[in-house]
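K.L.:
Structure provided below as structure tokens; questions to follow.
The values are calculated or read from the model by the stated rules, or taken from the named source; none is laboratory data. None of these values were measured; they are calculated from a predicted model. Quick reminder, even Gly has a Cβ in these numbers, built from the backbone with ideal geometry, and neighbours come from all protein chains shown.
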Amino acid sequence: MSSSFDLQTVQFDARFPNTNQSKNCGQNYSDYYKCVAARGEDFPLCSRFYRNFRSLCPDDWIERWDLAREENRSPFVATQGAVKGHYEQEEL
């Protein structure tokens, strides 16, 4: 059983020059959802962010962040809106 696929390495990002790519993973995840909110899923740069975070991030992290985003509590995607008591002061 033979299958063909295109394997690509994530391009160098000057914001993350070190070997540890954890922050790069989270930044690409965040950038993807910001890009989709601003430009839509079909925008070419958005798909690059998607490929990068899917390549760099462990699946467990992505699942946890997706769940947090669905519950409107992800800490690094600003386009999802305010969470009461977290980003804004509750009125007493």
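K.L.:
So Glu41 fits all but one of (1) free of Cβ contacts under 8 Å to residues at least 24 places away in the same chain; (2) assigned to a loop (DSSP other than H, G, I, E, B); (3) out of contact with any Phe, Trp or Tyr (no Cβ under 9 Å at 6 or more places or on another chain); what number is the exception?
P.N.:
(3)
K.L.:
Please tell me if Asn52 is under 20 Å from Asp6 (Cβ atoms) and either surrounded by fewer than 17 Cβ atoms within 10 Å (Cβ to Cβ) or not aliphatic (A, V, I, L, M) (or both).
P.N.:
Values: under 20 Å from Asp6 (Cβ atoms): yes; either surrounded by fewer than 17 Cβ atoms within 10 Å (Cβ to Cβ) or not aliphatic (A, V, I, L, M) (or both): yes.
Yes.
K.L.:
Would you be able to say whether some residue in the stretch 63-74 is within 21 Å of Gln8 (Cα to Cα) and at pLDDT 90 or above? Break it down stepwise before answering.
P.N.:
Narrowing the stretch 63-74 to residues within 21 Å of Gln8 (Cα to Cα): none.
Taking every residue of the stretch 63-74 in turn, none turns out to be within 21 Å of Gln8 (Cα to Cα) and at pLDDT 90 or above.
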